[in-house]
1. Name the single residue, out of those in region 53-72 being among the β-branched types (Val, Ile, Thr) and within 18 Å of PHE183 (Cβ to Cβ), that is farthest from the chain's Cα centre (by Cα).
2. Considering only residues that are outside any helix (DSSP H, G or I) and crowded, with 16+ Cβ neighbours inside 10 Å, which ones fall in region 169-185?
3. Mind counting the residues in region 155-168 that are within 20 Å of PRO307 (Cβ to Cβ) and either open to solvent by 50 Å² or more (accessible area, probe 1.4 Å) or not aliphatic (A, V, I, L, M) (or both)?
4. Restricting attention to region 219-246, which residues are of a type in the set (Ser, Thr, Tyr) and open to solvent by 30 Å² or more (accessible area, probe 1.4 Å)?
5. Name the one entry in ASN213, ASN270 that is on the phi > 0 side of the Ramachandran plot and among the polar types (S, T, N, Q).
6. Can you confirm whether LEU119 is outside any loop (DSSP other than H, G, I, E, B) and touching a Leu at 6+ places or on another chain (Cβ under 8 Å)?
7. Give me the strands (runs of 3 or more DSSP E) completely within region 275-365, filtered to those with at least 2 residues that are surrounded by fewer than 17 Cβ atoms within 10 Å (Cβ to Cβ) and either modelled with pLDDT of 95 or more or over 15 Å from the mean Cα position of the chain (by Cα) (or both), ordered by residue number.
Amino acid sequence: MHVPVLIVGAGFAGSVCAERLAANGIKVLIVDRRPHVGGNAYDRLDAHGVRIHVYGPHIFHTNSQRVFDYLSKFTQWRFYEHRILARLGNDLYPFPINRKTINRLYGAAHDEAGIRAHLDHVRAHRDPERTSEDVVLNAVGTDLCDRFFRGYTRKQWGLDLSQLAPEVARRIVTRTNDDDRCFGDALQFMPAEGYTALFTSMLDHSNIEVQTNVGFADIRSRVTGDHLIYTGPIDAYFDYCYGALPYRSLQFEHEHLPAVARYQPVGTVNYPNEEAFTRITEFKHLTGQEHPGTSIMREYPQSEGEPFYPIPRPENATLYQRYQALAADESNVTFVGRLAQYRYYNMDQAVGAALKAVGRLGVPE
């Protein structure tokens, strides 16, 4: 079987590429080894009728009007600003750390100037910042680091802050005001009918054929294409010839509470210390759904399983560069997406990367 373009992976990167190619008159076959489209953003109604994110909470936020306008062709939006609380002992504190966090934790009444002075007093002065520990200590000092960051990081990554590249911690802001939003982006919305509906609309084109439950290994020998767009793990594409790239995985524990209208005050509560899980998400906050019960999910990080998070360490970046050099010699293959580029992309970044990728193939964004 021959197709003009074969796309492996029906998450954001692959689906955006498929839509752009199809809209410009190019026939596409897109395959995914899972039984659904949408990748890790896949959502559905659970057995009790509550919309859940099967592979963990996906909160859309972006400063890119271009990406937002593009996705708006396939969904209506629901305004939503995500908020997180962190549980320390029996108390909940706003996270990322802000003025309310510090005042509540220390029984203080600082204004913004007082918070700045407090942070100036406790923060370290490590220069250059070589690790995530350097970043956090430079931002909030030892006590806040140990309470909010160190234990969570050990659970999430299986590593200490001092063993992770600085960009991990740089994703988390520290504020001196009362802004308790998780993200500061200009555009913060959720697909009104969910992510799966967005993907279904995106892939609804006569030039697109979708096959699920089909992995790259299944189709590699029986389908050829003028061009391949590959969004799977780059090390798998090259049969792990240099060894496997390290990832962190997750195990999800879903629970429905039929007699509970609201389980927790915000969408996500972090558990940075004693518990084996890292966080609990309650999906009705995210979706705005009305339902007499509620569904929650606990996340347990683990070393084995589905690859979710590339582990940002210098030695892993070096290994990826070896695979990247092999990829550069594959003239008829485009590698794009979190797994193919071994990069922690937010959803809007994955969309942006896909738009750039098809642009390099001569297809208008």
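The values are calculated or read from the model by the stated rules, or taken from the named source; none is laboratory data. Just so you know, these numbers come straight off a predicted model, no measurement behind them. Neighbour counts run over all protein chains shown; Cβ positions are idealised from the backbone, glycine included. Heads up: the accessible areas ignore ligands, DNA and RNA and are worked out on the full protein's heavy atoms, side chains in. Shrake-Rupley method; radii C 1.70, N 1.55, O 1.52, S 1.80 Å.
1. Across region 53-72, the extreme among qualifying residues is VAL67.
2. ILE172, THR174, ARG175, THR176, ASP180, ARG181, CYS182, PHE183, ASP185
3. So the count comes out to 6.
4. Those that are of a type in the set (Ser, Thr, Tyr) and open to solvent by 30 Å² or more (accessible area, probe 1.4 Å): SER221, THR224, TYR240, TYR242.
5. After ruling out the rest, the residue left standing is ASN213.
6. no
7. Once the strands (runs of 3 or more DSSP E) in region 275-365 are filtered for at least 2 residues that are surrounded by fewer than 17 Cβ atoms within 10 Å (Cβ to Cβ) and either modelled with pLDDT of 95 or more or over 15 Å from the mean Cα position of the chain (by Cα) (or both), what remains is 294-302.
One line per residue, one yes/no per condition, for (1) in a strand (DSSP E or B); (2) in contact with a Leu (Cβ under 6 Å, 6 or more places away or on another chain); (3) open to solvent by less than 20 Å² (accessible area, probe 1.4 Å); (4) not β-branched (Val, Ile, Thr):
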site	(1), (2), (3), (4)
PRO35	no, no, no, yes
ILE52	yes, no, yes, no
VAL67	no, no, yes, no
LEU85	yes, yes, no, yes
LEU92	yes, yes, no, yes
GLY114	no, no, yes, yes
